[in-house]
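Comments concern the structure below.
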Amino acid sequence: MNANDLNLLARAEVRDLASYNAGLGSDAVRQRFGLTRVAKLGSNENPMGPAPAVTAATAQACDEIALYPDASCQILRAALSKKLGVPGDQLVFGNGSEDLLSIISRVFLDHDDEVVTVVPSFGLHFIYPMAAGARVVGVPMTADGTFDVPAMIAALTPRTRLLMFSCPSNPVGCTLSADELQQLLDALPAHCLLVFDEAYYEYARFEADYPDCLGLIQASGKPFILLRTFSKAFSLAGLRVGYGIVSDPLLADLINRLRTPFNVNRVAQAAAVAALADDEHLQACLSHVASERRRLVAALQEQGLATAPSMANFLYFSTPWPAEIINQALLREGVIIKPWREVGHTQYLRVSIGSCEDNDLFLKALARVLAVQETRTD
């Protein structure tokens, strides 16, 4: 069979999808450019690593990897329920929060349904709904990199089944104020489910003016699924464990009907429980990011670059040149960041807040790259 024939074996919605840009790994960049030192700042990972107790917990869990994991995540469920003050039957678990996004799209969306999100966006907020046959309406953010709440409200129609976006925004980093979130909640129609992707919650919570989004959403009485993850602040990206808080146990039951039975592995569950218990390590990670984020904002401003407001562990900025040109030049310097590819945003890049050393490498490499580009432009 030729490529076209093979392509026709897939559903029409899948044939037209773009692939998610998962970024490059350090090993691939080292091999490609013959480098020994690489700063991996493209995937918003925690440079401080997991809590010390995670190592012991994962080693112990490995003693039983011949056995299936607990399909209900009971120990992790109990720990999160106590930590969050949320009933255990209002928690759902996934192989990372991306797994839950996929399940949510398959459970709640059908052909000709609409999803309202924002642009620029986390790519899977488009890809998974479109794969389910839904139409995705992207509401542009404001010119200064904030949520356009009136436009988001105006985009809601009788066909809107999901309002789905990340807060803090990925890739921009901005957040909603309490008043803005309340406006959205007040406007949310009864037939629309709010999917509030709070993957970067811990970083935002570290800031004094981040609202209690979960509390506001719970008080609204509207149906919701709020997503969080252990991949970012808890530094368990390689183990893949995310969770959702739902407004009603029935939503959890519906999600569990399409969840694979053992979607969170034994080692991941043990690591998440251990990570959740070490608040001191978490606070140290959050403090490092907040401090380094301020330093990078100032350093980028010194280079003549403006960053969008961010409460996450990354910064979103543009240069006068296409992002892919800057990206390729930085790769040759041993720096991995993420160029944005959405139409209208192809001069923007997202850089993760890494270790002090990696951040320094990025800033020096970027200065050299921009200087070369300036020379070529003159």
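The values are calculated or read from the model by the stated rules, or taken from the named source; none is laboratory data. All values derive from a computational prediction rather than experimental measurement. Cβ: placed from backbone, ideal geometry, glycine included. Neighbour counts: every protein chain shown. We work out accessible area using only protein heavy atoms, side chains counted, and drop any ligands, DNA or RNA first. Shrake-Rupley method; radii C 1.70, N 1.55, O 1.52, S 1.80 Å.
Extension gain A3-A151, at 0.36 nm per residue separation less the Cα-Cα distance, in nm?
Numbers: separation 148, 0.36 × 148 = 53.28 nm, distance 4.13 nm.
Additional length available on full extension: 49.1 nm.
For segment 1-144, what ratio Rg/Rh do Cα atoms give with a Kirkwood hydrodynamic radius?
Numbers: Rg = 20.4 Å, Rh = 19.7 Å.
Rounded to two decimals, Rg/Rh equals 1.04.
Please check which bits of segment 36-68 a label hung off R368 would reach, taking the label as a point 7 Å along Cα-to-C-beta and the cut-off as backbone N under 14 Å.
Answer for this model: 36-39.
Quick one: which residues, 5+ away or cross-chain, put their amide H under 5 Å from the amide H of Y348? H built at 1.01 Å from N.
Amide H to amide H, under 5 Å and 5 or more residues apart or across chains, Y348 pairs with A323, W340.
Of all the C-alpha pairs in the chain, what % are more than 34 Å from each other? Numbers along the way, then the final one.
On the way: 20703 of 71253 pairs.
Counting pairs separated by more than 34 Å, the tail of P(r) holds 29 percent.
Spin-label point model (7 Å from Cα, Cβ direction): what's the Y20 to R205 distance in nm?
The modelled label-to-label distance comes out at 2.3 nm.
For K222, list the lysines whose Cα falls under 26 Å from its own Cα; do not include residues on the same chain fewer than 8 positions away.
Of all the lysines, those that pass the test against K222 - Cα under 26 Å, at least 8 places apart if same chain - are K82, K83.
Counting only DSSP beta bridges with both residues in segment 52-278, what percent are antiparallel, rounded to the nearest 5? Mind showing how you got there, number by number?
Working: 9 of 27 bridges.
About 35 percent, rounded to the nearest 5.
Taking a probe of 1.4 Å, how large is the accessible area per residue of segment 52-278, in Å²?
On the way: 8810 Å² over 227 residues.
Normalised by residue count, the accessible surface of segment 52-278 is 39 Å².
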